[in-house]
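Notes for the one structure printed next.
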Amino acid sequence: MTHTRSHIQRERAEARAYSQAVITEGGRIVWLAGQVALQDAAGTSLAGDFDGQVREVFRLLDTTLKDAGGRLADMVTMTVFITDNRHGDRFCELRKEIFGNDFPASALITCRSLARPELLVEVQGIAVVG
């Protein structure tokens with residue numbers, strides 16, 4: 001089964017590296033649990049390393065999506081939780097670097113804390129694969 005994907009993009013959304021809306025037809029839906037990262041693939045701690053946590057979270061999401069027959073670019077929406085609103089702009093820069101110009105829809109939420117005090121970011125999402 002193949003699927004098509006299109007975007008409703010607006011200037012403000014593009015500047016923040018997300019799509020106002022993503023429209024899909026066909027494919028299978030993959031619901032992604034919240035993903036966090038306390039260490040990278042080599043086992044190095046990412047405590048206090050916002051960029052490292054973001055990159056590792058997206059690497060892990062990509063791995064999960066590959067296990068489901070897809071890839072990170074198949075994400076159509078994500079909910080992002082950060083513990084410090086000063087990281088919001090940096091998150092958007094990293095997302096643009098990771099996704100290029102093919103952004104999922106997104107919400108960016110600042111919260112007081114995540115499951116462990118070392119965690120700075122958590123991402124959950126939905127992908128359409130196939």
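The values are calculated or read from the model by the stated rules, or taken from the named source; none is laboratory data. Computed from a predicted structure; not experimentally measured. All Cβ positions, glycine included, derive from the backbone under ideal geometry; neighbour counts span all protein chains shown. To get the accessible areas, we keep the full protein, side chains included, count just its heavy atoms, and leave off ligands, DNA and RNA. Shrake-Rupley method; radii C 1.70, N 1.55, O 1.52, S 1.80 Å.
Filter region 83-112 for residues that are among the charged types (D, E, K, R) and closer than 16 Å to Gly48 by Cα; which is most open to solvent (accessible area, probe 1.4 Å)?
Of region 83-112, the ones among the charged types (D, E, K, R) are 84, 86, 89-90, 93, 95-97, 102, 112.
Remaining after also requiring closer than 16 Å to Gly48 by Cα: 84, 86, 90, 112.
Details: Asp84: 35, Arg86: 188, Arg90: 75, Arg112: 223 Å².
Across region 83-112, the extreme among qualifying residues is Arg112.
If we scan region 72-82, do we find a residue that is open to solvent by less than 60 Å² (accessible area, probe 1.4 Å), touching a Cys at 6+ places or on another chain (Cβ under 8 Å) and either under 12 Å from Val121 (Cβ atoms) or among the small types (Gly, Ala, Ser) (or both)?
Looking only at region 72-82, we keep the residues that are open to solvent by less than 60 Å² (accessible area, probe 1.4 Å), and these are 72-82.
Narrowing further to those that are touching a Cys at 6+ places or on another chain (Cβ under 8 Å): 81-82.
Next, only the ones that are either under 12 Å from Val121 (Cβ atoms) or among the small types (Gly, Ala, Ser) (or both) stay: 81-82.
Checked region 72-82: at least one residue is open to solvent by less than 60 Å² (accessible area, probe 1.4 Å), touching a Cys at 6+ places or on another chain (Cβ under 8 Å) and either under 12 Å from Val121 (Cβ atoms) or among the small types (Gly, Ala, Ser) (or both).
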All-but-one check, Ala115 against (1) assigned to a helix (DSSP H, G or I); (2) open to solvent by 70 Å² or more (accessible area, probe 1.4 Å); (3) modelled with pLDDT of 95 or more, failing number (1)
Those residues of region 16-60 which are over 19 Å from Ser6 (Cα atoms), of a type in the set (S, T, N, Q) and open to solvent by 50 Å² or more (accessible area, probe 1.4 Å) amount to Gln39, Thr44, Ser45
Expected output for region 61-85 (first residue under 15 Å from Leu119 (Cβ atoms), partner assigned to a helix (DSSP H, G or I) and open to solvent by 40 Å² or more (accessible area, probe 1.4 Å), Cβ below 7 Å, 6+ apart or cross-chain) is none
Reported set for region 21-40 where residues are under 18 Å from Arg71 (Cα atoms), modelled with pLDDT of 95 or more, among the small types (Gly, Ala, Ser) and touching an Asp or Glu at 6+ places or on another chain (Cβ under 9 Å) is Gly34
